[in-house]
Amino acid sequence: MNNLNNDSINEIISLVKDSDLELALNKVKSLLLEFPSSDILFNLRGTIFLKKKEYKIAQSNFSEALKINPHFISAKINLGTVYQNLGKTEEALKCFKEITKINNTFPEAYNNIGFILYTQKKYSEAIKELNKAIELKEDYAEAFLNLGMIHLNLKKYQEAIKFFDQCLVHNKKLISVYYYLGECYKNINDINKALSCYDLSNHQKTSSRILECYFILNKKKKYQKLIGSISNNDPDNRRIAAISAYISYQFGISNIYPFCNKPLDFILKNNIKKNMENGNLEIQELIREITDKKFTWELFGKTTVGGSSAYNLTQLGITSLSKLQNILVNEISNYKENFKNKNCTFIQKWPKKYKFNIWSNILKSEGYNTSHIHPAGWLSGVVYLKIPSDIKKKEAGIEFSLHGDDYPKKIKNIPTITIVPKVCDLVLFPSSLFHKTISFKSKSERMIIAFDIHKL
């Protein structure tokens, strides 16, 4: 290790910072031939794969670095970060806690512990850990950001504003913080202040929030000017499609946003039981193979309440799911054909190539999914695997609406469509359309496979 040239290490670090990852990887590979027991090189190689979002390979490299040097803090914090990205929060938490035992003056570990506890809704514990991070590093902007997020979730908006302001004092480049400030001011009904904050932000919801502020302030001309500009520059944005459909209805004006201006017209239901039989796919086999996977209860940042979910199923090599995908490809083709004469980019710019993102959701009695859209998808769908037999009326159904995301209502009567599904029903709809699950009371559970197609 002593013979490993620091200049070579610094060169690789510089390449990684500049995102020249392939050259950095080649240099690490060459050096590992000469220094096969270098913890630093394995950590660097892991860092490269972490930046490439190849988390499994990154994990093996960080683990190798820690075999060589169990007290290598950088490798351990990187391994914890990988676990976070893989959704293995308990493993990540263990990594970060181990760091505090090796070195209790390392603020990043306390910040990361605090963030995980925040995602687990253990807010009091999270605040304690984040305060420890700030005690060690008084200008720790990310820790102030996390404290702000906790108080925003607790609906303590004035306290959240103070933490977000402190975050910006220490790092003015974190302009996404302005979005969260906007959320605080919107929730305390200071819409003009919220608008000024959204204007300064660079968040995926920035434009939709600005449009919402114009709606709340009844600035119809400003709304029309901005939606016209976005229609030309960003015509396929599913968040914009969702809010433009809603605000157009509320203002009583034509929806000019081109993606899918009448999304409620594009819901299609079909029962695929015969397709599954013809494709040699048994529903019980599908249920068994999926329930063998790891489900997480009320996963952070998702819409499930009173239920559990398993994500990224397409990456797990599930045989029965591959059979289902083949059926879905045909159903999706039929869906497009059904609406081929509709003049909107949702149909007319249909993806020539796409990939599936598939997950599963199991709801217990009184469980539900809150209203949401799928902004990364183009077309979304649900296949129903289990439906309780003792439900009443619309229970366990799926409700579609122009309204969502807590948009304010000026016209209270908003169109909705509710479908009460049967086992093996497939429901397809635009990813920009708000939908939610209606809660139910039953001793049985409701199980679905949900999916989006993503344009390639």
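What follows draws every value from the coordinates through simple rules; no lab data is involved. Note that the structure is a prediction, hence the values are computed from the model and not measured. All Cβ positions, glycine included, derive from the backbone under ideal geometry; neighbour counts span all protein chains shown.
Structure notes:
- Computed FRET value (nearest 0.05) for Val420 with Asn5, which takes r as the C-beta separation and R₀ as 56 Å: 0.25
- Spatial separation of Cα centroids for the stretch 184-226 and the stretch 353-384, in angstrom: 28
- When the pairs Lys269/Lys352; Lys88/Lys172; Lys53/Lys101; Lys412/Lys441 are compared against a 26 Å limit on Cα-Cα distance, Lys88/Lys172; Lys53/Lys101; Lys412/Lys441 fall above it.
- Note on the stretch 102-158: dipole from Cβ charges, positive end direction compared against Asn103, Ser124, Ala141; the farthest Cα belongs to Ser124.
- With the charge dipole of the stretch 314-437 set up from +1 on Lys and Arg Cβ and -1 on Asp and Glu Cβ about the Cα centre, the Cα lying farthest toward the positive end among the listed residues Leu428, Trp378, Tyr368 is that of Trp378.
- Whole-Hz couplings from phi, Karplus 6.51/-1.76/1.60, listed for the stretch 181-196; x for Gly and Pro: 4, x, 4, 4, 5, 4, 6, 9, 6, 9, 5, 5, 5, 4, 4, 5
- The charge dipole of the stretch 6-157, taken about its Cα centre with unit charges on the Cβ of Lys, Arg, Asp and Glu (plus for the first two, minus for the last two), comes to roughly 680 debye.
- Using alpha carbons only, the radius of gyration of the stretch 6-157 set against its Kirkwood radius gives Rg/Rh = 1.03.
- Taking only the C-alpha atoms of the stretch 255-385, Rg followed by Dmax gives 16.2, 46 Å.
- Links that overshoot a 28 Å alpha carbon limit, given the list Lys340/Lys455; Lys205/Lys293; Lys323/Lys353; Lys302/Lys393: Lys205/Lys293
- Tilt relative to the chain, helix 238-251 - C-alpha long axis, 0 to 90 degrees, to 10: 40
- For the chain, the Cβ-based charge dipole about the Cα centre amounts to some 1620 debye (Lys, Arg positive; Asp, Glu negative; other atoms uncharged).
- Volume of the Cα convex hull of the chain, divided per residue and given in Å³: 176
- Tilt relative to the chain, helix 107-119 - C-alpha long axis, 0 to 90 degrees, to 10: 20
- Net charge of neighbours whose Cβ lies under 13 Å from the Cβ of Lys386, counting Lys and Arg as +1 and Asp and Glu as -1: +2
- Pairs with C-alpha atoms separated by more than 31 Å, drawn from the list Lys273/Lys336; Lys52/Lys294; Lys121/Lys221, are Lys121/Lys221.
- From least to most packed, judged by other beta carbons within 10 angstrom and beginning with the fewest, Ile216, Ile243 follow the order Ile216, Ile243.
- Here the extension length gained between Lys17 and Asn270 equals 86.1 nm, from 0.36 nm per residue of separation less the Cα-Cα distance.
- Couplings 3J(HN,Hα) for the stretch 359-374, derived from phi with the Karplus relation 6.51 cos²θ - 1.76 cosθ + 1.60 (θ = phi - 60°), are 9, 10, 9, 10, 10, 8, 3, 6, x, 6, 10, 6, 4, 6, 10, 10 Hz, where x marks Gly and Pro.
- Where GluC sites (Glu not before Pro) fall in DSSP loop in the stretch 278-310, at most 13 other Cβ within 10 Å: Glu282
- For the stretch 400-456: rounded, prolate or oblate by the Cα gyration tensor [a/c cutoff 1.5]: oblate
- Within the same chain, aspartates and glutamates fewer than 8 places from Lys122 are excluded, and of the rest, those with a Cα less than 16 Å from its Cα are Glu90, Glu298.
- Degrees, to the nearest 10: 6-17 long Cα axis against longest axis of the chain: 10
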